[in-house]
Amino acid sequence: MTITARAAICRGQDHPFAIEDVRLDSLRADEVLVRIVACGICHTDLAVRDRQLPVPLPIVLGHEGAGIVEQVGSGVTSIKPGDRVIMSFNSCGHCPSCEIDAPTYCYEFFPNNWSGVRPDGSPTLFQGDAPMNGNFFGQSSFATHAIAHERNAVVVPEDAADLPLERLAPLGCGLMTGAGAVLRAMKVRAGLPIAIVGAGTVGIAAVMAAKIAGADPIIAVDVHDSRLELAKELGATHVFNAKDDAMGRIRDLCPKGLGYAFDTTGINKVIEDLFALLAPKGVLGMVGASAPTDMLAFNEAEFMGSGRTVMGILGGDSDLDGFIPEMIRYHQQGRFPFDRLIRYFDFDAINEAIEASERGEVVKPVLRMAAA
Ligand code: CXF
Ligand code: ZN
């Protein structure tokens, strides 16, 4: 049976996203067909649009999709039609990283997420008879329907049936990246100071998670006072504007050094300044996108002599079936109120949503494709 969908086609920086008809391929054994209810917009979508990542264009982007399963492939056992699912990145399931439940570091990440086609080279999307790039993060959810995979679709737990999918959609990338960095990768300990630089979705998710972990103080740094205000409401004990000698103020507040520092900016100077603020055994986590040629410099004696750790982190070290339900539980307990970051836009307003996000007016734009 041929499935047609409306999808937002990305043709690059000089073109607005254009909503057009596409045809979906028939399902493979491990795949699921999802009617998309909503999809968050993440900076990675825009980095692809701007050709900062090696993803082929034109393509249907979108990797924070949530929706209702309409069909499942013959080999799918854990998902059935009618299930409400949150989608995230895909992984191969059998490489050394997947074997230890660290799928964000999948050895086959590129072919499963960024090649525009399935790992075997077959397209998931067509326009007329011509292939259209899709399978972005194993989904391509800027669309009314998407083909996802059993490995990257997580069924929303029964006891969260009252939570709207449009709210849950962004759990699949930005929120898990920030919360997982704190709770899973850095394993932040209660009572130790943390500084978080950048108060976008990832940074504010990290702030909320640092509060869950009991870090103290929790310092947020950004250039926008409105974001710092929000960070304060959601758990930051101190907020410093980066234009206002934030690093000096962190040093004054924590003269013994930081237990944890978390960079979401990818800016060399910020990362190196944070390294210099670490306490003995301090951990510096990095998730910001940086230029491919960037190199970091830090003092070897300080690095070794005080047992510091510098940690690159992808996707918050999340295993999807474990961490997405865990974040939902924190949300149900009122400890992870990520809905405060979201502003909703109709699917048709995708370009307005991106512009509002790029102007810094909205932290997490979420597109609504359909009523749940
Ligand atoms: C990704 C990076 C790789 C693991 C999952 C999350 N970030 C997307 O924006
Ligand atoms: Zn993302």
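The values are calculated or read from the model by the stated rules, or taken from the named source; none is laboratory data. Small disclaimer: the values here were computed from a predicted structure and weren't measured. No Cβ is skipped: glycine too gets one built from the backbone with ideal geometry, and neighbour counts run over all protein chains shown.
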Here is a check on your reading of the model: is Val270 part of a helix (DSSP H, G or I) and surrounded by 13 or more Cβ atoms within 10 Å (Cβ to Cβ)? yes
Which condition breaks for Met176 when tested against (1) in a loop (DSSP other than H, G, I, E, B); (2) touching a Ser or Thr at 6+ places or on another chain (Cβ under 7 Å)? (1)
Among the residues of the range 298-329, what is the count of those that are among the hydroxyl-bearing types (Ser, Thr, Tyr), away from ligand 2 (no atom under 16 Å from the Cβ) and touching a helix residue (DSSP H, G or I) at 6+ places or on another chain (Cβ under 6 Å)? 0
On the given criteria, is Ala190 loosely packed, with under 15 Cβ neighbours inside 10 Å and at pLDDT 95 or above? yes
Taking the range 124-143 on its own, how many of its residues are within 13 Å of ligand 2 (Cβ to nearest atom) and either among the acidic types (Asp, Glu) or not in a loop (DSSP other than H, G, I, E, B) (or both)? 3
From the set of residues in the range 159-173 that are out of contact with any Gly (no Cβ under 9 Å at 6 or more places or on another chain), assigned to a helix (DSSP H, G or I) and aliphatic (A, V, I, L, M), which is surrounded by the fewest Cβ atoms within 10 Å (Cβ to Cβ)? Ala160
Give Val239, Val207, Val221 a once-over and let me know the one that is more than 16 Å from Ile271 (Cα to Cα), out of contact with any Asp or Glu (no Cβ under 6 Å at 6 or more places or on another chain), assigned to a strand (DSSP E or B) and free of Cβ contacts under 8 Å to residues at least 60 places away in the same chain. Val239
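Okay, residues lined up against (1) away from ligand 2 (no atom under 16 Å from the Cβ); (2) surrounded by fewer than 21 Cβ atoms within 10 Å (Cβ to Cβ); (3) among the β-branched types (Val, Ile, Thr); (4) in contact (Cβ under 8 Å) with a residue 40 or more places away in the chain:
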residue	(1), (2), (3), (4)
Val32	yes, no, yes, yes
Arg51	yes, yes, no, no
Pro56	yes, yes, no, yes
Ala66	no, no, no, yes
Glu70	yes, yes, no, yes
Gly73	yes, yes, no, yes
Val76	yes, yes, yes, yes
Quick check on this structure: which one of Ala181, Ala146 is in a strand (DSSP E or B) and either within 16 Å of ligand 2 (Cβ to nearest atom) or more than 29 Å from Asp21 (Cα to Cα) (or both)? Ala146
Out of the residues in the range 152-169 that are in contact with a Leu (Cβ under 8 Å, 6 or more places away or on another chain) and either within 14 Å of ligand 1 (Cβ to nearest atom) or not aliphatic (A, V, I, L, M) (or both), which is farthest from Gly82 (Cα to Cα)? Asn152
Among the numbered criteria (1) crowded, with 19+ Cβ neighbours inside 10 Å; (2) assigned to a helix (DSSP H, G or I), which single criterion is violated by Tyr260? (2)
